[in-house]
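Rule-based calculations on the coordinates, nothing more; no lab input. Source: prediction; values computed, not measured. So basically every Cβ, Gly included, is an ideal-geometry build from the backbone, and we count neighbours across all protein chains shown.
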Amino acid sequence: NENISMDYSIKHPLQNCWTLWYYENDRNQSWEKNQREIASFETIEDFWSLYNHIKPASDLKQGTDYSLFKKGIRPMWEDDANKRGGRWLISLEKKQRNNDLDRYWLDIILCLIGEAFDNSEDICGAVVNIRYKGDKIGVWTADATKGAAVMEIGKKLKDRLHIPPRVTIGYEIHKDTMDKTGSSSRYSYNV
Amino acid sequence: GTKIVYERNFLLNLRNSP
């Protein structure tokens, strides 16, 4: 690969155009208005131009989110693309903010934009929540009833992030998340 | 159909591309 000369005049196109969103809680505004589009990109170079100029997730304020979704999909359950789906949820301990958070978030982004999953057409996007009680990363898929696709994505995710076999991650259907009243989660799938 | 797939290292190697 080192012998191949790079043509820097041509950018590398991505399979999909992606939009990065930022959420900050302003109680004077609706939740939807607090979700703001930052930028969209459809080449590798434009992705790095954006990523290299924004704060890493670990530097964000408590209560904020980054979301990366295919263009046209809003980072919310109510969007038509998301409403029948769910998310693989990675819950981090507080100490992991310094060790693992940025690495996990970047690796997930690279899986998304590089179409690493066999069932990448089922991928909607990913969200990282920065929270005092522990950060979370969710990988959102379109259809919770497509068990084989959901499981393939979950297994590859665990593999790419080098999550130890003894650690289980769960997939939560958005509808269940919406309906839940307590803090316990109902996982429809596990890896 | 076909899709454009990029490996992790390939993406990382372009991080500092001009």
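Just a few scattered comments:
- Counting only residues at least eight positions apart within a chain, or on another chain, the lysines with an alpha carbon under 25 Å from that of A:LYS70 are A:LYS11, A:LYS33, A:LYS55, A:LYS61, A:LYS83, A:LYS136, A:LYS146, A:LYS155, A:LYS156, A:LYS158, A:LYS175, B:LYS3.
- For chain A, built as a Gaussian network whose Cα springs stay under 10 Å, the top-fluctuating residue of A:TYR66, A:TYR51, A:TYR22: A:TYR51
- Compared with the alpha-carbon gap, the fully stretched path from A:ASN98 to A:LYS155 is longer by 18.1 nm at 0.36 nm per residue.
- R0 of 35 Å, Cβ-Cβ distance B:ASN16-A:GLU121: FRET efficiency to nearest 0.05: 0.70
- Burial ordering of A:VAL167, A:VAL150, fewest other beta-carbon atoms within 10 Å first: A:VAL167, A:VAL150
- Pairs of Cα atoms in the range A:64-167 fall into 5 Å distance bins, from 0 up to the last occupied one, in shares of 2, 13, 25, 25, 20, 11, 4, 0 percent.
- Here the protein assembly as shown has an Rg and Dmax of 17.0, 58 Å, counting Cα atoms alone.
- Residue among A:TRP31, A:TRP105, A:TRP77 with the largest mean-square fluctuation in a Gaussian network model of chain A, springs linking Cα atoms under 10 Å: A:TRP31
- Gain in span if fully extended, A:ASP26 to A:ARG131, counting 0.36 nm per residue against the direct Cα distance: 36.3 nm
- Hz values of 3J(HN,Hα) by residue in the range A:119-126 - Karplus curve (6.51, -1.76, 1.60), Gly and Pro given as x: 9, 5, 5, 8, 6, 9, x, 8
- The amide H of A:HIS12, built 1.01 Å from its N in the peptide plane, has A:ILE44, A:GLU45 as neighbours under 5 Å, considering only residues 5 or more places off or on other chains.
- Whole-angstrom gap from the range A:139-173 to the range A:8-68, using each part's C-alpha centre: 23 Å
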